[in-house]
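Below is one structure; the comments refer to it alone.
The values are calculated or read from the model by the stated rules, or taken from the named source; none is laboratory data. These figures come from a predicted structure and were not determined experimentally. Here the Cβ is made from the backbone with ideal geometry for all residues, glycine too, and neighbour counts use every protein chain on show.
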Amino acid sequence: MTTTDFLPYAVIGATGQQGGAVVDALLGAGRPVRALVRDVDSAKSESLKKRGVTVIRADQDDTRSVEKALRGIRGLFLMTSYSESDGGTEGETRRGLTVAEAAARAEVPLVVYSSVGGAERHSGIPHFESKRRVEEALSGLVPSLFVRPTFFMENLARSIVADDSPEFVLRLPIPGDVPMQMVSVTDIGRVSAAVLIDPDSLPTGSVEIAGDVVTFARAAELIGRRLGKAGRFESLPLSVLADDADRTAMFQWFVDTPGYQADFEATRRLEPDVLDLSAWLDRVIEPSGVVR
């Protein structure tokens, strides 16, 4: 073993879904983890500490704090978000640039960035374009590899409610017969951890990942079956998104273009047990119908 074998992997977003999945995968592989968080005393941070994770305060709007937290690591997992409360896509880009600059100053040997499928294809979708700007910044400053997830299966969980209704209805502003490539957050974490641990496993420098491709009509049927009832899809007009230009552009992109273009073979090579939608539903919906 070399000295670097004992260095930790840093994770930004460790208290969230994607970063948390990366932490799980790294710990499962016996690797030391350092979590960069805003609040080191939060309940989620305390939970990480109990699992043996080193928790360090780092504010993505403060380059110095991020640079300090990134020194002495073997690699970094980065994800960025675009919520309006954090400045939308402009805030996402700004924070991504801050981390890129800090990583360069800290001489981080590798950054694995969870971007989005299609980021490099000029989609015109605001939160895809912001992630592309982060990709470009990283590429110019530090050795970087990109994991580009497709539609999150977890997005479907918002529609799943355990109740006494005779059927489950999934409603989205898209036709029910449009094939949608999907991936679970668990697999985003496993693929990202695999690439962090073995960068040579991604010789192309990037990979668009998915575990399944199904229409939303089929997804509604599968969810209903898991809930023990009929499942039906209802296509809504784009107008239900009102003035949400970002999501409107995304759902229109799903219909008007080939949309996501995942490499299923590469995904399975990086994570042989990648979940399809049925397997994911078995994991997240209890026999009682309650979503875990």
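You will find that of SER165, SER139, SER192, SER130, the residue that is of a type in the set (Gly, Ala, Ser), within 27 Å of PRO258 (Cα to Cα) and surrounded by fewer than 18 Cβ atoms within 10 Å (Cβ to Cβ) is SER139 and no other. Just one of the listed residues (SER184, SER201, SER159) is touching a residue at least 12 places away in the same chain (Cβ under 8 Å), surrounded by 15 or more Cβ atoms within 10 Å (Cβ to Cβ) and over 28 Å from ARG218 (Cβ atoms), namely SER201. Number of residues in the stretch 148-191 that are in a strand (DSSP E or B) and either in contact with a Cys (Cβ under 7 Å, 6 or more places away or on another chain) or aliphatic (A, V, I, L, M) (or both) equals 6.
Checked against the criterion of being more than 21 Å from the chain's Cα centre (by Cα), free of Cβ contacts under 8 Å to residues at least 60 places away in the same chain and surrounded by 13 or more Cβ atoms within 10 Å (Cβ to Cβ), the candidates LEU222, LEU227, LEU241 yield just one match: LEU222. Could you tell me whether any residue of the stretch 69-85 is part of a helix (DSSP H, G or I) and within 29 Å of PHE264 (Cα to Cα)? No: zero hits. Among the residues of the stretch 136-190, those that are β-branched (Val, Ile, Thr) and out of contact with any Pro (no Cβ under 7 Å at 6 or more places or on another chain) comprise VAL142, VAL147, THR150, ILE160, VAL161, VAL169, ILE174, VAL178, VAL185, THR186.
Quick grid of which residues meet (1) assigned to a helix (DSSP H, G or I); (2) under 18 Å from ASP62 (Cα atoms); (3) in contact with a Lys or Arg (Cβ under 7 Å, 6 or more places away or on another chain):
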position	(1), (2), (3)
GLU90	yes, yes, no
ALA100	yes, yes, no
PHE128	yes, no, no
LEU145	no, no, no
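When GLU136 is tested against (1) closer than 22 Å to GLY20 by Cα; (2) assigned to a helix (DSSP H, G or I), exactly one condition is not met: (1). Is it the case that SER278 is over 30 Å from ALA25 (Cα atoms), hydroxyl-bearing (Ser, Thr, Tyr) and either in contact with a strand residue (DSSP E or B) (Cβ under 9 Å, 6 or more places away or on another chain) or loosely packed, with under 13 Cβ neighbours inside 10 Å (or both)? No.
If only residues of the stretch 240-281 that are assigned to a helix (DSSP H, G or I) and among the small types (Gly, Ala, Ser) are counted, the one that is nearest to GLY118 (Cα to Cα) is ALA249.
The residue that is surrounded by the most Cβ atoms within 10 Å (Cβ to Cβ), among those in the stretch 209-219 that are in contact (Cβ under 8 Å) with a residue 60 or more places away in the chain and not aliphatic (A, V, I, L, M), is GLY211. Tell me, which residue of the stretch 16-49 that is in a loop (DSSP other than H, G, I, E, B) and touching a strand residue (DSSP E or B) at 6+ places or on another chain (Cβ under 6 Å) is surrounded by the most Cβ atoms within 10 Å (Cβ to Cβ)? Taking the candidates together, the pick is ARG31.
Per the listing GLY72, GLY91, GLY118, GLY52, the residue uniquely on the phi > 0 side of the Ramachandran plot and either free of Cβ contacts under 8 Å to residues at least 12 places away in the same chain or surrounded by 22 or more Cβ atoms within 10 Å (Cβ to Cβ) (or both) is GLY118. The numbered conditions (1) within 18 Å of the chain's Cα centre (by Cα); (2) at pLDDT 95 or above are all true for SER83 except (2). Could you tell me whether any residue of the stretch 25-39 is of a type in the set (Asp, Glu) and within 25 Å of GLU271 (Cβ to Cβ)? Within the stretch 25-39 (the criterion being of a type in the set (Asp, Glu) and within 25 Å of GLU271 (Cβ to Cβ)), the answer is no, since none of the residues qualifies.
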